[in-house]
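Student: Below is one structure. I have some questions about it.
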Amino acid sequence: MDKAKYIWMDGEFKNWDDANVHILTHTLHYGNGVFEGTRAYPTKKGLAIFKLKEHTKRLLNSAKIVAIKPNCTQEQLEEAQLELLRKNEFSGNSSVYIRPLIYLGYGVMGLHHTQAPVNTAVAAWEWGAYLGDEGLEKGIKVKTSSIVRNSVKSTFGKAKAVANYLNSQMAKFEALEAGYEEALMVDDSGFIAEGSGECIFIVRDGVLITPPHDNSLESITQATVMELAKDKGLTIEQRNITRDEIYICDEAFFTGTAAEVTPINSLDSRVIGNGSRGEITKMLQEAYFDVVYGRDEKYDHYLTYIN
Ligand code: PMP
């Protein structure tokens, strides 16, 4: 990864290499912590964070869900992210990924977590296309995972909780080891839930379809893409889909802050549509990039400029 100069830890800017924690940090052992993945893009008015408020709100909501009392307010967290980007003086040639993390620190062991200290850190570094530049254009090969998405009967899909990502990590590992580029997970009932770190959309006969959030994160990119699709006059359905419906759809793509809008060219070796980025996918991908790079005035209110 590309190092930056500083990482923000509980109100202090630490040199990147000095941003360390104690080995008995509670979250390292028992997996209770929450995080965000947010991006800032270079625009003609400088670096701007996309949907800073929404991501920060989701971070605090995630903490509430997993019974962690945050040690920072929404305003402090927003300011910390902005100040971190200013201080790091990024090149402006690449987008920047921002990773806020609220975790349980050092001082208490054992499962009862409420006495453990709460700490917050924010890191940021330059990070290009998560699923590759070629993936954005040509699409990626996806495998339905044998790993079922975390069940809402035992975990919380609406929290971006550290612990949820063991499930994602195992699915991703399985897919990559089998020669695919990303995993798609089904829920307890066999309906499509989400990718290891993305939501999914399909297109059938010009209609845009995406699953509900019963078993997935409330994705900020998914909401953005739905808003843009509405603008373009597309019909949108939010309903359950199955893997065989994806096999026979015309287009499919993943959305996520890291993945942005990445076409899916095949699922389980069934080629989707023409096996490349579909027309509607391309239109929505371009519209998304216009928004995040500050080229669409209508959506300027989703950008927080750092200067
Ligand atoms: N699902 C999961 C499991 C994720 O980790 C992510 C990435 N945060 C998403 C969906 C997409 O969410 P967003 O568009 O808010 O980044």
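Student: In a Gaussian network model over the chain where Cα atoms closer than 10 Å are linked, find which of Glu198, Glu137, Glu89 has the largest mean-square fluctuation.
Tutor: It is Glu89.
Student: Additional query: Could you work out what % of the accessible surface of the chain is carbon and sulfur, using a 1.4 angstrom probe and leaving DNA, RNA and ligands out of the count?
Tutor: Accessible surface attributable to carbon and sulfur in the chain totals 50 percent.
Student: Can you give the accessible area per residue of the range 6-126, in Å², using a 1.4 Å probe? Mind showing how you got there, number by number?
Tutor: Details: 5580 Å² over 121 residues.
On a per-residue basis, the range 6-126 sits at 46 Å².
Student: Among Asp17, Asp290, Asp187, which one moves the most in a GNM of the chain with springs linking Cα atoms closer than 10 Å?
Tutor: Looking only at Asp17, Asp290, Asp187, the largest GNM fluctuation is found for Asp17.
Student: Can you tell me the relative contact order of the range 18-80? Whole percent, Cα pairs under 8 Å, sequence separation 6 or more.
Tutor: Numbers: 43 pairs, mean separation 16.8, N = 63.
Averaging sequence separation for qualifying contacts and normalising by length gives 27 percent for the range 18-80.
Student: Taking Cα atoms, how many degrees apart are the long axis of helix 52-65 and the longest axis of the chain, rounded to 10 and kept between 0 and 90?
Tutor: Orientation of helix 52-65: about 70 degrees from the principal axis.
Student: Further, regarding this structure: Glu218 versus Phe13, label points 7 Å from Cα toward the beta carbon: distance in nm?
Tutor: Result for the modelled spin labels: 3.3 nm.
Student: Bin all alpha-carbon pair distances of the range 6-126 at 5 Å intervals from 0 and give each bin's fraction as a whole percent.
Tutor: Cα pair-distance distribution for the range 6-126, in percent: 2, 12, 22, 22, 19, 13, 7, 3, 1, 0, 0.
Student: On full extension of the chain, what length is gained from Arg295 through Ser91, given 0.36 nm per residue of separation minus the C-alpha to C-alpha distance? All intermediate terms of the calculation are to be shown ahead of the outcome.
Tutor: Details: separation 204, 0.36 × 204 = 73.44 nm, distance 1.96 nm.
Full extension of this stretch gives 71.5 nm more.
Student: At 0.36 nm per residue, and after removing the present C-alpha to C-alpha distance, how many nm does the segment from Met109 to Ile248 gain when stretched out fully? Let's see the in-between values first.
Tutor: Details: separation 139, 0.36 × 139 = 50.04 nm, distance 5.11 nm.
Fully extending the segment from Met109 to Ile248 adds 44.9 nm.
Student: I need the Debye-formula profile for the range 133-292: one equal scatterer per C-alpha, no solvent, reported as log10 I(q)/I(0) at q = 0.11, 0.16 1/Å, two decimals.
Tutor: With no solvent term, the Cα-only Debye profile gives -0.37, -0.83.
Student: Another question, if that's okay. GNM on the chain, C-alpha springs below 10 Å: top fluctuator among His26, His112, His55?
Tutor: His112
Student: Once you list every other residue whose beta carbon is under 11 Å from the beta carbon of Gly256, what net charge do they have if Lys and Arg are +1 and Asp and Glu are -1? Intermediate results must be reported in sequence, preceding the final value.
Tutor: Details: positive: Arg39; negative: Glu182, Glu194, Glu198, Glu260.
That sum, taken over residues with Cβ under 11 Å, equals -3.
Student: 7 Å from Cα along Cα→Cβ at both Met283 and Phe156: what's the point-to-point distance in nm?
Tutor: So the label points at Met283 and Phe156 sit 3.9 nm apart.
Student: Assuming 0.36 nm per residue, please report the length gained on full extension of the stretch Glu79 to Asp205 beyond their Cα-Cα distance. Spell out each step's value before the answer.
Tutor: Details: separation 126, 0.36 × 126 = 45.36 nm, distance 4.47 nm.
Residue separation times 0.36 nm, minus the Cα-Cα distance, leaves 40.9 nm.
Student: Let me ask something additional. Suppose only helical runs count, i.e. DSSP H with n ≥ 4. What mean residue ellipticity at 222 nm does that imply for the chain under -39500 (n - 2.57) per run, divided by all residues and rounded to the nearest 500 deg cm²/dmol?
Tutor: So the calculated ellipticity at 222 nm is -8500 deg cm²/dmol.
Student: Cα convex hull of the chain: mean projected area in nm², to one decimal? Don't skip to the answer; put the middle values down first.
Tutor: Values: hull surface 61.7 nm².
Spelled out: convex hull of the Cα atoms, projected over all directions, averaged, 15.4 nm².
Student: Give the accessible surface of the range 225-285 per residue, rounded to a whole number of Å², with probe radius 1.4 Å and ligands, DNA and RNA excluded.
Tutor: Working: 2550 Å² over 61 residues.
I get 42 Å² per residue for the range 225-285.
Student: Give me the net charge of Glu126's neighbourhood, meaning all other residues with Cβ under 13 Å from the Cβ of Glu126; Lys, Arg count +1, Asp, Glu -1. Provide the component values of the computation, followed by the final result.
Tutor: Working: positive: Lys3, Lys5, Arg39, Arg99; negative: Asp2, Glu89.
Its environment carries a net charge of +2.
Student: Over the chain, what is the mean sequence separation of C-alpha contacts under 8 Å (at least six apart), divided by residue count, expressed as relative contact order in percent? Intermediate results must be reported in sequence, preceding the final value.
Tutor: On the way: 658 pairs, mean separation 61.3, N = 307.
Across the chain, relative contact order equals 20 percent.
Student: Around Ser269, what is the net charge, scoring Lys/Arg as +1 and Asp/Glu as -1 over all other residues with Cβ under 10 Å from its Cβ? Intermediate values should be presented prior to the final figure.
Tutor: Values: positive: Lys141, Lys143, Arg270; negative: Asp268.
Residues near Ser269 contribute +2 overall.
The values are calculated or read from the model by the stated rules, or taken from the named source; none is laboratory data. Because the structure is predicted, anything quoted here is derived from the model rather than measured. Glycine gets a Cβ as well: all are built from the backbone with ideal geometry, and neighbour counts include every protein chain shown. Accessible surface areas use protein heavy atoms only, side chains included; no ligands, DNA or RNA. Shrake-Rupley method; radii C 1.70, N 1.55, O 1.52, S 1.80 Å.
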